Amino acid sequence: MGKFRKISYTWAVREIELFIVLLAIITALAEVGDRVRIPYPILLVLAGIAIGSLPGLPHVELNPEVVFLVFLPPLLYAAAWSTSWPDFKAARRPISLLALGCVLFTTTLVAVVAHQFIPGFDWPTAFVLGAIISPPDAVAATTAIKGLGIPRRVVTVLEGESLVNDATGLIAYRYAIAAVLTGQFVLWQAGVQFLLVAGAGIATGLAIGWLIYRVHLITPDNPVGETSLTFLTPYVAYLAAEELGGSGVLAVVAAGLFLSWRSAEIFSTQTRLQAYAVWNTIVFLLNGVVFILIGLQLPAILAGIGHFSPLALVGYGALVSGAVIVGRLLWVYPGTYLPRWASRQIREREPDTTVKLVTVVAWTGMRGVVSLAAALALPLTVRPGVPFPQRDLILFLTFCVIFSTLVLQGLSLPLLIRWLGIQPDGREAKAEWETRLQLAYDTIEYIEGSLSLGQVSDEVLNQIKTKYEIRIQRLRNQSGMNVTGRIDEGQIVQFHQLQADILRLERDSVGRLRKAGRISDETLRRLEYELDLEESRLLLEKGEA
């Protein structure tokens, strides 16, 4: 027993050591990705393949249960939280066409191709493969389009699709496996079950979201506790929906959209600042671990298909990857233009749809960890002594599709956007500019009203008024307006420079006081936090943040 405990302890230590090494690699590659302007998921997958090929490295297993329970809920929740519910609702038609129609169309097309051209794929097995690789990945899509200057509506459609389509793919996957195991499949029954599972998931997510909303309202302001509650929410929604027979994916998305729309009501300033900082870090690390684990699976996948010739494997992988990419192209263009041709209301409601933007949507269909986890979750046997048909080949083909869509399409997407000449439409920036200007004008009006009442000294109000006059002047300069005010551009620069100098002086003073032992570490951190907030505000004023 003692020897067994020692072996288990040694194994656990090695796993932890490897995990720490992976985190270090993730952080380093993220920095490299920022410098070379390549999305870090692509670099991480490539690094995982390279690391997994090193001799003597222990096999790192990607447990599908860990992916579905540990990784998927917080990543989906974070994506849903950053999605605007009004924008999502306005784009519900194209989102539904992609998340439902395109996923089912791709599933069918891949099944046809696999059944016709790959030996050993009967119809149920072919549909299992199609269901696994049909839904694009939420994390991959969001990361791939980040910072590329795509108009906001296109971003909303792609993010919304990636939030919902996992549920479509996973439900189709569930019934395809049932068809393999039982040899029976009734289309209308699957359709009814699909609606029930989706409806139960959404209802559960909204119920959990409302419950968490009420908890936030009645609890005292506690940034640590409330941030912790935000991490529990996706897990509670996912587990509750799965326990009730609904879609855990849709439950997490529904809860995230519900609470995001009400975040201003439930979070204080400190809670919001802390929660955003913590979530950004955790999501980055989870994404990094997921994508590098994808790459690390290749050696084990190749080990299971040694009886196939390399040429045949390359051909099968290219065939299925091509079917996935072409299938999306075949769906997106007719799915966009046929409804517009048939309905004048759609044409009037969506006037900015262009071939260039439709092409970006059609080319942005990256697959990721959900597909690989679904493939790994396939049962080993259909019944005792009978292995699941083509399981190892399905794993390999899934990896080929992930590599082709994530790496090849992901790397070519910025080139495609530049070639098409797509530029930001400027609507969001203009709306933000107008809002900032209106806030500044409202503040000036309030200050002038206070001056007339004599409630506050003229010197104090004049100082505050000057600050907002400078802000108005900067906003006018950003818009290219002719400026006729008593504060010129040189004064704005001087004002910002003086504020920056004062902040540096305060930081130096706080540091000297701490070294002299006149203030505690707790006081130091509190003062540094206030200075950090002030500097962040200054950077926003200068337009550098």
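Rule-based calculations on the coordinates, nothing more; no lab input. Because the structure is predicted, anything quoted here is derived from the model rather than measured. Positions of Cβ are generated from backbone atoms using ideal geometry, with glycine treated the same way; all protein chains shown enter the neighbour counts.
Structural remarks
- Unit charges on C-beta of K, R, D, E only; dipole of the stretch 38-425, Debye: 820 debye
- Overall form of the stretch 38-425 per C-alpha gyration tensor (a/c, 1.5; a/b vs b/c): rounded
- Multiplying the residue separation of residue 224 and residue 504 by 0.36 nm and subtracting their alpha-carbon distance yields 97.9 nm.
- Modelled label reach - residue 309, point 7 Å along Cα→Cβ, the stretch 393-412 residues with backbone N closer than 20 Å: 393-394, 396-397
- Nitroxide proxy distance, nm - points 7 Å out along Cα→Cβ at residue 416 and residue 352: 2.0 nm
- Charge tally in the Cβ shell below 15 Å around residue 377, where Lys, Arg are +1 and Asp, Glu are -1, residue 377 excluded: -3
- Net lengthening on full extension, residue 214/residue 536 (0.36 nm per residue, minus Cα-Cα): 112.7 nm
- Efficiency of FRET between residue 377 and residue 516 - r from beta-carbon atoms, R0 60 angstrom, step 0.05: 0.50
- Residues whose placed amide H lies under 5 Å from that of residue 382, excluding near-sequence neighbours: 388
- Here r is the Cβ-Cβ distance between residue 16 and residue 82 and R0 is 45 Å; the resulting FRET efficiency, rounded to 0.05, is 0.90.
- Backbone phi angles across the stretch 155-170, fed through the Karplus curve with coefficients 6.51, -1.76 and 1.60 (θ = phi - 60°), yield HN-Hα couplings of 4, 4, 4, 5, 5, x, 4, 5, 6, 9, 5, 4, 5, 4, x, 5 Hz in residue order; Gly and Pro are listed as x.
- Seen from residue 335, the other residues with C-beta closer than 11 Å to its C-beta sum to a net charge of +3, counting Lys and Arg as +1 and Asp and Glu as -1.
- In this structure the amide hydrogen of residue 343, modeled in the peptide plane, comes within under 5 Å of no amide hydrogen from residues 5 or more places off or on another chain.
- Phi angles of the stretch 257-271 translate, via the Karplus equation with coefficients 6.51, -1.76, 1.60 and θ = phi - 60°, into HN-Hα couplings of 5, 4, 6, 4, 5, 10, 5, 5, 7, 10, 10, 7, 4, 5, 5 Hz per residue; Gly and Pro are given as x.
- Rounded FRET efficiency, nearest 0.05, which uses the C-beta distance separating residue 497 from residue 239 and R0 of 41 Å: 0.15
- Stretched out straight at 0.36 nm per residue, the stretch from residue 343 to residue 232 would grow longer than its current Cα-Cα span by 35.6 nm.
- Residues in the stretch 396-412 carry Karplus couplings, in order, of 5, 5, 4, 5, 4, 5, 4, 5, 5, 7, 6, 7, 5, 5, x, 6, 7 Hz; the curve used is 6.51 cos²θ - 1.76 cosθ + 1.60 with θ = phi - 60°, and Gly or Pro positions show x.
- Between residue 333 and residue 464, the distance separating the two model label sites (each 7 Å from Cα on the Cα→Cβ line) works out to 6.0 nm.
- Span from the the stretch 295-334 Cα centroid across to the the stretch 364-386 one, whole angstrom: 14 Å
- Ranking of 354, 204 by count of other Cβ atoms within 10 Å, fewest first: 354, 204
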